[in-house]
Amino acid sequence: MNRYVLPLAMFAGLAALLWKGLDLDSQKLPSTLIDKPAPAFTLDRLNDPGAEFGPGDMAGRVWLLNVWASWCVACRQEHPVITSLSKEIDIVGLNYKDKRGDAQNWLARWGDPYLLSAFDGNGDVGIDYGVYGVPETFVIDRTGHIRYKHVGPVSETDAMEILLPVIRQLREGVN
Amino acid sequence: MAAWFCVALPAAAKVEVVGFADPAMEALYQQMIRELRCLVCQNQNLADSNADLAKDLRRKTRELVEDGKSRSEVVDYMVSRYGEFVLYRPRFTAATAFLWMSPLVLSLILIWWVLRWRRRATAAPTGYSEDDLKRARALLEESGDNGDRQPPGSAG
């Protein structure tokens, strides 16, 4: 009887590990920036190259930083959701590795849900934010801390069930 | 000249050629882009990947190395932005201790298991009593066989 215990235990252990593996999405990486201050930057605005924007400009407000690009197909997909979210909350676009003309055309064609977009032409700010796939959406609280990060297009369900509750909680909380 | 082309072309086909004044920096840069993972195509390192993000991260790595940053400073820079996953050679932390130690632990378990198995095999009781063995020896002597068994038909 004893001789079966070890192989059975090994099999059970391996099975448990593999079973757990079925539920893991290796494409989704945990952000290291959660609960950290949003990295500072100063960038030109997309529609007003003379004016600058930095995260400090949003101090005191709960806001979203949405990383987008005109070449990004999934950004088109989430665009209607971002547009309806923009009625609830200030959304700043981070126009990532784009051409200014392309980006402006994209907004003219599909509509501009953003308070403003910061123009990150060479993607340096994207690196500071750990962006590895566009679109990505950061929820930033009144003190400028990143509280949530969504990777990939925001679906209506994501917006209703995850983002809006997080935003509501941050607005109510005494931060 | 021809030989130089043969060596340089395969590398230049994918990764931008970067010139470092300092060979130590060049070596560190080459080491880093092999140790850092491209997060878009997750099973390639920065050196192997053609993804845009990999190009940007190679550029960042080059800038950091040119600024005189050490290996651990480059690693810290990347990990603070992309997490431990960016490292192909994970650091030794509480979370990775099992990963690093498991080969050693498994080897020790295997050695212990083999030793125990061998000790058991040699000390295993045969199931014959001392009297049985005595009688067996007597029978062997009687038949003129001293115990050195030989295959039938062989000379000796």
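Give the calculated FRET efficiency between residue A:61 and residue A:102 to the nearest 0.05, with a Förster radius of 30 Å applied to their Cβ-Cβ distance.
That gives a FRET efficiency of 0.55.
Rounded to the nearest 20 debye, what is the charge dipole size of the protein assembly as shown about its Cα centre when +1 sits on each Lys and Arg Cβ and -1 on each Asp and Glu Cβ?
Dipole magnitude for the protein assembly as shown comes out near 760 debye.
How high is the relative contact order of the stretch A:87-175, given as a whole-number percent (alpha carbon pairs under 8 Å, six or more residues apart)?
22
For residue A:97, which aspartates and glutamates qualify as cross-link partners when the Cα separation must be under 12 Å and same-chain residues fewer than eight apart are set aside?
A:120, A:124, B:52, B:56
So which of A:99/B:60; A:36/B:69; A:28/B:69; A:20/B:60; A:149/B:55; A:28/B:60 end up more than 27 Å apart by C-alpha?
Cα-Cα > 27 Å for A:28/B:69; A:20/B:60; rest within.
What is the spread of the Cα atoms of the stretch A:91-155 along each of their three principal axes, largest first, in whole Å?
Projected onto its principal axes, the Cα set of the stretch A:91-155 covers 32, 23, 23 Å.
Taking the alpha carbon gyration tensor of the stretch A:1-60, what are the square roots of 5 times its eigenvalues, largest first, to the nearest whole Å?
Numbers: eigenvalues 602, 30, 10 Å².
Largest first, the stretch A:1-60 gives 55, 12, 7 Å.
Sort the protein assembly as shown into rounded, prolate or oblate with this rule: let a ≥ b ≥ c be the square roots of the eigenvalues of the Cα gyration tensor; rounded if a/c is under 1.5, and if a/c is not under 1.5, prolate when a/b is larger than b/c, oblate otherwise.
Note, shape of the protein assembly as shown comes out prolate.
Nearest-5 percent of antiparallel DSSP beta bridges in the protein assembly as shown?
For the protein assembly as shown, the DSSP antiparallel bridge percentage is about 60.
Would you give the gap between the C-alpha center of the stretch A:114-175 and the C-alpha center of the stretch B:73-131, rounded to a whole Å?
42
Label-point separation (nm) for residue A:42 and residue B:18, each offset 7 Å from Cα along Cα-to-Cβ?
Calculated label separation equals 2.7 nm.
So what are the ³J(HN,Hα) numbers for the stretch B:19-28, from phi and the Karplus equation (6.51, -1.76, 1.60; θ = phi - 60°), rounded to whole Hz, Gly and Pro as x?
x, 10, 5, 9, x, 5, 5, 4, 5, 5
Name the residues whose placed amide hydrogens come within less than 5 Å of the amide hydrogen of residue A:86, ignoring near sequence neighbours (fewer than 5 apart) on the same chain.
none
Taking a quarter of the surface of the Cα convex hull of the stretch B:17-124, what do you get in nm²?
Averaging across all directions leaves 9.9 nm² for the Cα convex hull.
Compute the distribution of all C-alpha to C-alpha distances in the stretch A:1-153, in bins of 10 Å from 0, and list the percent of pairs in each, rounded to whole numbers.
10, 36, 27, 9, 8, 6, 3, 1
Connecting C-alpha atoms closer than 10 Å in a GNM of chain A, tell me which of A:24, A:64, A:115 has the biggest fluctuation.
Of A:24, A:64, A:115, the Gaussian network model singles out A:24 as fluctuating most.
From the phi of every residue in the stretch B:37-51, what ³J(HN,Hα) in whole Hz does the Karplus formula 6.51 cos²θ - 1.76 cosθ + 1.60 yield, where θ is phi - 60° and glycine or proline is x?
Using θ = phi - 60°, the values come out as 8, 7, 7, 7, 9, 5, 9, 10, 8, 4, 5, 8, 8, 9, 5 Hz.
Would you mind telling me which residue in A:133, A:50, A:111 has the biggest mean-square fluctuation in a Gaussian network model of chain A, where springs connect alpha carbons within a distance under 10 angstrom?
Comparing A:133, A:50, A:111 in a Gaussian network model of chain A, the most mobile one is A:50.
Output wanted: per-residue J couplings in Hz (rounded whole) for the stretch A:90-100, from phi through Karplus 6.51 cos²θ - 1.76 cosθ + 1.60, θ = phi - 60°, x for Gly and Pro.
My calculation for the stretch A:90-100 gives 6, 10, 9, x, 10, 7, 9, 6, 10, 9, 3 Hz in order.
Put +1 on the Cβ of every Lys and Arg and -1 on every Asp and Glu Cβ in the stretch A:37-175; which of A:47, A:107, A:164 then has its Cα farthest towards the positive end of the dipole?
Of the listed residues, the answer is A:164.
None of the figures in this text is laboratory data; all of them are computed from the coordinates on show. Remember, predicted model here, so these are calculated numbers, not experimental data. With ideal geometry, Cβ positions are generated from the backbone for all residues, glycine too; neighbour counts draw on all protein chains shown.
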